[in-house]
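**Q** Would you mind keeping the following structure in view while I ask a few things?
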Amino acid sequence: MDKVSVRRAKVFENREVAPDVFLLQVEGAFSALPGQFCMLRAWELDPPLFRPMSVFDLGPSTISFLYKVRGRGTGLLSRLSPGDKLTVLGPLGNGWEGAEGRVALVGGGMGIAPLLLAAKAHPQAHVYLGFPGKPYLVERFREVAGKVYVTSETGEGGERGLVSDLFSPQGYSTCFACGPLGMLKAIAKKCREVGVPLYVSLEERMACGLGACLGCTILTVRGPKRVCQDGPVFCAEEVLWDD
Amino acid sequence: MTDLSVAVGGLVLKNPVIAASGTFGFGAEYARLYDVSVLGGICTKGLTLRPRQGNPPPRLWETPCGLLNSIGLENPGVDAFIEEELPRMRQLGTRLIANVWGETPQEYRKLAGRLSRSDVDAVELNLSCPNVPGGKIRGSFPEEVARIVGLCRRVCEKPLWVKLPPEGDVLGSARAAERAGADAITASNTFRALAIDIGRGRPVFAGRIGGLSGPAIKPIALRVVYELSREVDVPVIGCGGIVSWEDAVEFIMAGAHAVQVGTGNFIDPLCIPKLIRGLEDFLAGRGLKDWEGIRGCAH
């Protein structure tokens, strides 16, 4: 199996890019495939678990993560300042190998986080970004992607509506999506109808991140699979969506 | 030269630190991070006669300094374990303890019999899983414990460990296990516990009750070991919220021959190797050769 490391690293920047949404940049030379994630923590015993975060971007001497403050763990992460230390376990998960041909990358809400690395690996890809309100970090995608479409539920800075409503898989050879379950289900339905393969990056609560605890298991047509180790990227047709 | 090794429940371990069942997979998962041959032993994920899918998500819920789980014994079944996982696990260079759960006493007997003929070093009977719907916590009832351990003892030539719940008649159950031929008592499993989603007004887990682990339960688990180790002559293996070498020393001073680390692996994936180094330094710092002068000293 791939090399995984656990190390202490220093915060370079932790910037609020939208209300409660932070871009955390950490110092150090890391590696990760598109779709892989790391487990982060910056506290002692409580909360007990690391927080799994998609890798947003990689530089020669930095790695960054995009996250939204949801509870105690992300709240503690949001209070980190440059120079503070945190622990990074990773890279974890299978990642997304990518595909030939016309590729669409679709992200909703925090689901945009794994798309930047995927876009860098597919410079011709079309990127669909869905935001609940005012969009953020769109320029980062425009710098690397063939084309970027933006939607927002309020209509600010993009087409009004949900990315899953506006996106059509017609004409693409492969799609990759990440976001809330409802969005993924809607996109899976559209892709199935036109026969376009879809890969989805899933999220689940996890304890070890290494495939040992079976806390993040989902059911697939191939039996129970661990989101942290067998995923987080799955072929959408293999996922048994619980309706 | 300090000697960390311990004789516990029919096995000699290179040190008293064992990975607890369900938190360490089949070992290979953590072998990606460090050389797991440093461990005293590894307890496998709980094995059942037939494969089990486990419980629907969510399976994890955090509480202050604690972790509730409701995994539901997801495992490939004992036969697949023996054929596929065990040969790989055998190469990890540490003692292997197969943790098993049976729906009935006869299932425990079958599991113990099959594993007795396999290449594992010991069998740990999980009489205390809180996460199987309708599953009775058999370890809380001394007569049940006596029956199951007796059945398994007859068919199992390997060392037989019995993992008890921290609740119910623990002392009675431990005595019953000892009389029925157990080689060691693991004390204890998680505490039956609950979290409620106040938005839905329902328990967060589909199986309602989960098992609480982590530093939150350490003082209670320590008290259980303290009381048990006075009551039985077989070794007690302490388990519950151990994260640091200091925690492990507390359990040994309470009378434990060895300790199991579970949720500690999630708090720090390098918890076990750090803990073993800490124990080494502790013994050396005290000028002690082994555990004899320390074990049970708090009584």
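Laboratory data are not the source of any read-out in this text; all were calculated from the coordinates shown. Since this is a predicted model, take the numbers as computed values, not measurements. Cβ atoms come from the backbone with ideal geometry, glycine included; neighbour counts cover every protein chain shown.
**Q** I'd like the antiparallel share, as a percent to the nearest 5, of DSSP beta bridges with both residues in chain B.
**A** Numbers: 16 of 43 bridges.
That works out to approximately 35 percent antiparallel.
**Q** Which of the lysines could a cross-linker span from residue A:10 if the Cα-Cα distance has to be under 17 Å and same-chain partners fewer than 8 positions apart are dropped?
**A** Those lysines meeting the cut-off are A:85.
**Q** From Cα pairs below 8 angstrom and at least 6 apart in sequence, can you work out the relative contact order of chain B, rounded to a whole percent?
**A** Values: 722 pairs, mean separation 58.1, N = 299.
Worked out over chain B, it gives 19 percent.
**Q** Take every DSSP beta bridge with both residues inside the protein assembly as shown and express the antiparallel ones as a percent of the total, to the nearest 5.
**A** Details: 54 of 103 bridges.
That works out to approximately 50 percent antiparallel.
**Q** Given the pairs A:3/A:189; A:225/B:158; A:147/A:190, which span a C-alpha to C-alpha distance of over 24 angstrom in this model? Working shown, then result.
**A** Details: A:3/A:189 36 Å; A:225/B:158 32 Å; A:147/A:190 21 Å.
With Cα atoms farther than 24 Å apart: A:3/A:189; A:225/B:158.
**Q** Let me ask something additional. How high is the relative contact order of chain A, given as a whole-number percent (alpha carbon pairs under 8 Å, six or more residues apart)? Don't jump to the answer; show the numbers that get you there.
**A** On the way: 581 pairs, mean separation 41.1, N = 243.
Computed over chain A, the figure is 17 percent.
**Q** Let me check I've understood the local charge: for residue B:226, count other residues with C-beta under 13 angstrom from its C-beta, Lys and Arg +1, Asp and Glu -1. What total comes out?
**A** Values: positive: B:218, B:223, B:230, B:295; negative: B:227, B:231, B:250.
So the surrounding residues net to +1.
**Q** In addition: How big is the convex hull of the Cα atoms of the range B:24-157, per residue, in Å³?
**A** 131 Å³
**Q** Whole number please: convex hull volume per residue of the Cα set in the range A:103-201, in Å³? Mind dumping the intermediate values first?
**A** Details: hull volume 7.8 nm³, N = 99.
In the range A:103-201, the Cα convex hull volume per residue is 79 Å³.
**Q** How about residue A:120: which aspartates and glutamates have a C-alpha closer than 15 Å to its C-alpha, ignoring those fewer than 8 places off in the same chain?
**A** Within the straight-line cut-off, residue A:120 pairs with A:57, A:97, A:100, A:139, A:143.
**Q** For the range B:225-299, list log₁₀ I(q)/I(0) at each q in 0.12 Å⁻¹, using the Debye formula over Cα point scatterers of equal strength and ignoring solvent, two decimals each.
**A** So the normalised log intensities are -0.31.
**Q** Let me ask something else. Please arrange B:239, A:175 by how many other C-beta atoms lie within 10 Å of their C-beta, fewest to most. Show your work: numbers first, answer last.
**A** Numbers: B:239 30, A:175 26.
The most exposed by this proxy come first: A:175, B:239.
**Q** In debye, nearest 20, what is the charge dipole magnitude of the protein assembly as shown about its Cα centre with +1 on Lys and Arg Cβ and -1 on Asp and Glu Cβ, if you could check? Could the numbers behind the result be given before it?
**A** On the way: 61 positive and 58 negative charges, 75 e Å.
Approximately 360 debye in magnitude.
**Q** Using all alpha carbons of the range B:103-167, what is the percent of pairwise distances in each 5 Å bin, ordered from the shortest bin to the longest?
**A** Per 5 Å bin, starting at zero, the Cα-Cα P(r) for the range B:103-167 comes out as 4, 19, 30, 25, 15, 7, 1 percent.
**Q** Next question. Any chance you could get the radius of gyration and Dmax over the Cα atoms of chain A, in Å?
**A** 17.1, 50
**Q** Now, a different point. Out of the range A:176-243, which trypsin sites (Lys or Arg not before Pro) are coil in DSSP terms and have no more than 11 other C-beta atoms within 10 Å? Let's see the in-between values first.
**A** Working: sites: A:185, A:189, A:190, A:192, A:205, A:222, A:225, A:226; in loops: A:205, A:222.
Filter output for the range A:176-243: A:222.
**Q** Please rank B:161, A:96, B:61, A:43, fewest neighbouring Cβ atoms within 10 Å first, as an exposure proxy. List each step's numbers first, then the result.
**A** Working: B:161 29, A:96 24, B:61 21, A:43 15.
Ascending number of Cβ neighbours within 10 Å: A:43, B:61, A:96, B:161.
**Q** What percent antiparallel are the DSSP beta bridges of chain A, to the nearest 5?
**A** Among the beta bridges of chain A, antiparallel pairing accounts for roughly 65 percent.
**Q** Something else: What are the semi-axes of the equivalent ellipsoid for the range A:99-147, taken as the square roots of 5 times the Cα gyration tensor eigenvalues, largest first, in whole Å?
**A** Details: eigenvalues 66, 23, 14 Å².
Semi-axes (√(5λ), whole Å): 18, 11, 8.
**Q** From the convex hull of the Cα coordinates of the range B:6-285, what is the mean projected area in square nanometres? Mind showing how you got there, number by number?
**A** Details: hull surface 53.6 nm².
With every direction weighted equally, the projected area is 13.4 nm².
**Q** Let a ≥ b ≥ c be the square roots of the eigenvalues of the Cα gyration tensor of the range B:1-52; is it rounded (a/c under 1.5), or, if not, prolate (a/b larger than b/c) or oblate?
**A** Values: a/c = 3.79, a/b = 1.54, b/c = 2.47.
Taking the square roots of the gyration eigenvalues as a ≥ b ≥ c, the range B:1-52 is oblate.
**Q** Using only the C-alpha atoms of the range A:5-92, find the volume of their convex hull and express it per residue in Å³. Numbers along the way, then the final one.
**A** Values: hull volume 7.5 nm³, N = 88.
It comes to 85 Å³ per residue, whole-number rounded.
**Q** On to the next question. Do the sum for chain B: with -39,500 (n - 2.57) for every DSSP H run of n ≥ 4, divided by all residues, what is the mean residue ellipticity at 222 nm, to the nearest 500 deg cm²/dmol?
**A** Numbers: 9 runs with 87 residues, N = 299.
After summing the helix terms and dividing by residue count, I get -8500 deg cm²/dmol.
**Q** Considering all projection directions equally, how large on average is the shadow of the alpha-carbon convex hull of the range B:136-286, in square nanometres? All intermediate terms of the calculation are to be shown ahead of the outcome.
**A** Working: hull surface 42.8 nm².
Quarter of the Cα hull surface area: 10.7 nm².
**Q** Moving on to the next point. Using the Cβ atoms and a cut-off under 12 Å, what net charge is assigned to the surroundings of residue B:213, where Lys and Arg are +1 and Asp and Glu are -1? Write out the running numbers ahead of the final one.
**A** Details: positive: B:192, B:218; negative: B:62.
Taking every Cβ under 12 Å from that of residue B:213, the sum is +1.
**Q** Report the net charge of residues surrounding residue B:263, where surrounding means a beta-carbon distance below 13 angstrom and charges are Lys +1, Arg +1, Asp -1, Glu -1.
**A** -3
**Q** Now a separate question. Taking only C-alpha pairs under 8 Å that are 6+ residues apart, what is the relative contact order of the range A:75-193 in percent? Before the final figure, lay out the partial values.
**A** On the way: 197 pairs, mean separation 30.5, N = 119.
Dividing the mean separation by the residue count of the range A:75-193 yields 26 percent.
**Q** I need the P(r) histogram for the range A:189-228: all alpha carbon pairs, bin width 10 Å from 0 out to the longest distance, whole percents.
**A** 29, 39, 24, 9
**Q** Identify all lysines with a Cα-Cα distance to residue B:218 below 18 Å; exclude those on the same chain that are fewer than 8 residues away in sequence.
**A** Correct list for residue B:218: B:163.
**Q** The protein assembly as shown: D in µm²/s via Stokes-Einstein (Kirkwood Rh, Cα pairs, 20 °C, 1.002 mPa s)?
**A** Details: Rh = 24.4 Å.
Translational diffusion coefficient: 88 µm²/s.
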